[in-house]
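The values are calculated or read from the model by the stated rules, or taken from the named source; none is laboratory data. Nothing here was measured: the structure is a model prediction, and the numbers come from that model. Glycine also receives a Cβ, built like all others from the backbone with ideal geometry; neighbour counts cover every protein chain displayed.
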C-alpha cells in the first residue's frame, strides 16, 4: 500500500533540497574562483569542491556556464538586498557623506577575497549575456539609489548634475573594489575623497 503521507512529505521536501544543493554548488564555484580563478574553475573542479558528482551539478543547475550565470544572479539579488538595507539605516542628515563612508570603509580579509568573485563575473559578462544583463542591472541600480540619496539631501540640485555625480561615485566604488585585493589603500582613499568633492559641488545649487 502506498503511504500517501510519506510521499507528500518527500515531494514537499524536494524544493528545499534543490535550493540547498544549488546554494552549495554556487558556494563551491565561489571558492574555486577565490582559489584558482574562474578560468581554472572547471565543472570537475566545482564538483570536487562541492563534494558532488558532476551529474548532480547538471541536475540541479546545468553546465559550467549555467552555474556561472546562476552565481551572477545570486550576486545581483544580494546586491539589491544590501542596497535596501543601506537605504533603510542611513541617517536623515548628511546621508550622502554617510553613504560614501560606508562604500569606502575598511573591509575584512574575507570580503577582500570575495571581490575576486565580482571581478571574475565582470570578465564573464563579455561572453555570457545573462551575466552582462546582471552587471548592467547592478550598475543601473547603484546609480539610481545614489541619485535618490543625493536628491534627498540636495532637493534643489539639477537632476542631470545629480545623476552625473551619482554615476561618478558608483564608478569610483567599482574601481575601489578592484583595488582592494591589491592593497592600494592610498588610491582607494583618493577615490573616496574625490566622491566627497563631487558631493560638495551639489551644495552650490542649494
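Within the range 79-111, the set of residues being part of a helix (DSSP H, G or I) and more than 20 Å from residue 169 (Cα to Cα) comprises 109, 110, 111.
Quick check on residue 133: is it over 14 Å from the mean Cα position of the chain (by Cα), assigned to a helix (DSSP H, G or I), surrounded by fewer than 19 Cβ atoms within 10 Å (Cβ to Cβ) and modelled with pLDDT of 95 or more? So that I can check it myself, show each step before the final result.
Details: over 14 Å from the mean Cα position of the chain (by Cα): no; assigned to a helix (DSSP H, G or I): yes; surrounded by fewer than 19 Cβ atoms within 10 Å (Cβ to Cβ): yes; modelled with pLDDT of 95 or more: yes.
Taking the combined requirement at face value, the residue does not satisfy it.
Could you please find all residues in the range 176-206 being in a helix (DSSP H, G or I) and closer than 15 Å to residue 112 by Cβ?
Taking the range 176-206 as the starting set, the residues that turn out to be in a helix (DSSP H, G or I) are 176-182, 185-203.
Selection gives 176, 177, 178, 179, 180, 181, 182, 185, 187, 188.
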